[in-house]
Each structure stands twice: as structure tokens, then as C-alpha cells.
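Encoded as C-alpha cells, the structure appears first; notes follow it.
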């Protein structure tokens, strides 16, 4: 199994240091995330200048808050900076993220639109040698007769996509090199709802795995619990719970969040939910727990929780993840 790590350190300096440590420890990949206060592609460019071997990805960059041409240009820039180590991961974000965080419309179904966005990204990357770029899709149209990309180090760049529900999973299978699994995917959901759709496609599953490591197992499990509760405040993700019959737990979490009852949110996350979604405990315990993902994916992305945790503890956990899974 190949290991990736989400660069969740509180500062850019910390993210660069974490990536360098992960590279030295033999990790396959390092990934930035994107939020309303951080730009995943800019941060990844900084990491590219400080590393030499490790693959670099966005898990994920928002697809609809920027044009596909800007996403493609950024990916090609980072690929050139890094000497061909870039993986572009794109996701739609929720309607609230698009409208409230970025003041962007969200009027069209996301699955066909992101398929078109990825189509344009691939066309832009493929046209690097010259001859112009002409793209005509249902959502995006580009006409640049003088388009070329001097300095390109590769003819193609892997493009991955985040997906949760069936329409987006089908879109990933049709267009992407990888499906970046949501942090609260359960193993059962992956087996029953994700992998059957990807079967026969060129799209591999790249699961996030929430990872909390501490000498005190209860502490680690509670840190994972808090992160799981945070994500299930969003009803869009409650479909993940359906194969287990746990949808009521998601509703309890969402209701507690509306009331500002954070202890009740965490209390609604059962021990079984933690076991299905995360690895949490001592170094030996999490190494054993991760073996349950071996039949699901060849490449997993380890993700430190952060909700309710101080920055120093997040960094401590990131360091523990690298130490625990070092080659």
C-alpha cells in the first residue's frame, strides 16, 4: 500500500516542513486542501519548490470557483516547477460553499458540469505542444488559435475528482484518473456504492482515511469522532450512512449543530462509525487497523483531524502519522 498525507498543518511553513518529512519517510504523495481562507494550488506550488520526489496533489481544489483554464494553467505551472509530479484533484464543493463563500452560481447539476470542466482541463494540457486550443462543450467554450505551453515536462497530468453521491461517482468513472474519497466514506459504502461503479474504468479509488495517533487510545478516538461529527453536519453526506442504517445518526448530528450543541454532535458518532471511517489509537493499533483498507485501494491518503484540536496537536499528529507509516 502506498501512503499519501494531507498537509493539514496550521501554517504554510508547517505544510512545507510536513511534506519534506513525508518525502524523507518514503511517502508516495502529499496533498493540499482548499478552504475559504486558503488556496490549495498556491500552497502546493510552495511545496513543489521544497521537495524533490514526492507526488503532489490537490485534494481537492474547487472546480467551479475558478475556470477550468485557470485550473489547467495552475496544474501545468506546478508540474513544471516540480519536474512532473503534479496530480490535479478537483471537486464541486457544496452549493453553500459556492454561493456563500465565493459568490458563485450553483444552478446546474454538478456532475455534467464537472465532466465538461475536466474535458477542458485535459484539452488544455494536451494542447501544450502548440496548434491552438479549441474546445466546445455544453458549459465551457474556448478558442485560442495561438495556444501553446513552452516548458511543459509531460504530455499529460493525472486529473482526479472528488465524489460522494451516484451522479458524481459516475462522472469520476467516466472522466477522471482517480476518485478522491470523502473523509467520512465508510468501507461498506466504498464496497457497495463506489467500487462497483469504478469497476472496468481507468479511475482508481484514492480514499481519505481520518487518522488520529496518540499514546492514549481514547484521546485518539475522540479526535476522530469530532472530525466525523463535523462532516455529518452536512446532509449531502448522509447517504454514506444509508448502507449501515445509520441515517438517524446523521440527522441527530445536524440537529445538534443547528442548536450549537457540540457535545451532542460528538456523542452521536458511535464506536462502529469510527471503526468504519477512521483509524485511531496507538501507532501499533492504527497500523493494524489500516490493513482493512488493503482490499479497497492501493494508495490511501492519511488525514489528521483538526476539529477541536489546537494547532500544536494537529502538527504532533501529522508527525506521528509520518513516523508510524514511514517506509
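Residues that are in a helix (DSSP H, G or I) and either farther than 23 Å from residue 302 by Cα or more than 19 Å from the chain's Cα centre (by Cα) (or both): does the stretch 30-53 have at least one?
Pass one, the stretch 30-53, residues in a helix (DSSP H, G or I): 40-50.
Keeping just the survivors that are either farther than 23 Å from residue 302 by Cα or more than 19 Å from the chain's Cα centre (by Cα) (or both) gives 49-50.
The answer is yes; a qualifying residue exists.
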Point to revise | Pick from the stretch 54-66, criterion in contact with a helix residue (DSSP H, G or I) (Cβ under 6 Å, 6 or more places away or on another chain) and without any contact (Cβ under 8 Å) to a residue 40 or more places away in the chain, ranking: surrounded by the most Cβ atoms within 10 Å (Cβ to Cβ) | key: 58
Review point. Looking at the stretch 256-268, is at least one residue in contact with a strand residue (DSSP E or B) (Cβ under 7 Å, 6 or more places away or on another chain), farther than 14 Å from residue 210 by Cα and outside any strand (DSSP E or B)?
Key: no
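Confirm whether residue 173 is surrounded by 17 or more Cβ atoms within 10 Å (Cβ to Cβ), farther than 22 Å from residue 234 by Cβ and free of Cβ contacts under 8 Å to residues at least 40 places away in the same chain.
When the stated conditions are applied, residue 173 passes them.
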Practice item. Please verify whether the stretch 96-113 includes one or more residues that are over 30 Å from residue 320 (Cα atoms), under 17 Å from the mean Cα position of the chain (by Cα) and outside any helix (DSSP H, G or I). Key: no
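Identify all residues within the stretch 138-162 that are without any contact (Cβ under 8 Å) to a residue 60 or more places away in the chain and either over 26 Å from the mean Cα position of the chain (by Cα) or in a strand (DSSP E or B) (or both); write none if there are none.
If the condition is that a residue be without any contact (Cβ under 8 Å) to a residue 60 or more places away in the chain and either over 26 Å from the mean Cα position of the chain (by Cα) or in a strand (DSSP E or B) (or both), then 138, 141, 143, 144, 145, 146, 147, 148, 150 are the ones that fit.
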Revision key, fill the gap. Exactly one of 274, 253, 279 is surrounded by 18 or more Cβ atoms within 10 Å (Cβ to Cβ), under 22 Å from the mean Cα position of the chain (by Cα), at pLDDT 95 or above and in a helix (DSSP H, G or I), and that residue is 274
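Filter the stretch 224-248 for residues that are within 22 Å of residue 96 (Cα to Cα), in contact with a helix residue (DSSP H, G or I) (Cβ under 7 Å, 6 or more places away or on another chain) and assigned to a helix (DSSP H, G or I) and give the result.
Across the stretch 224-248, the qualifying residues are 226, 228, 229, 231, 235, 237, 238, 240, 241, 247.
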Point to revise | Of all residues in the stretch 182-200 being within 24 Å of residue 307 (Cβ to Cβ) and in contact (Cβ under 8 Å) with a residue 60 or more places away in the chain, the one that is surrounded by the most Cβ atoms within 10 Å (Cβ to Cβ) | key: 184
Revision key, fill the gap. Residue 126 fails exactly one of (1) at pLDDT 95 or above; (2) in contact with a helix residue (DSSP H, G or I) (Cβ under 8 Å, 6 or more places away or on another chain); (3) surrounded by fewer than 20 Cβ atoms within 10 Å (Cβ to Cβ); (4) more than 30 Å from residue 242 (Cα to Cα), namely (2)
Revision key, fill the gap. Listed by first then second residue, the pairs whose first member lies in the stretch 107-119 and is in contact (Cβ under 8 Å) with a residue 12 or more places away in the chain, whose partner is surrounded by fewer than 20 Cβ atoms within 10 Å (Cβ to Cβ) and part of a helix (DSSP H, G or I), with beta carbons under 6 Å and at least 6 positions apart or on separate chains, are 111/167
Practice item. Go through the stretch 1-23 and count every residue that is surrounded by 15 or more Cβ atoms within 10 Å (Cβ to Cβ), assigned to a helix (DSSP H, G or I) and out of contact with any strand residue (DSSP E or B) (no Cβ under 6 Å at 6 or more places or on another chain). Key: 9
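The values are calculated or read from the model by the stated rules, or taken from the named source; none is laboratory data. All of these numbers come straight from a predicted model, not from anything done at the bench. In this analysis, Cβ positions are derived from the backbone assuming ideal geometry, glycine residues included, and neighbour counts consider all displayed protein chains.
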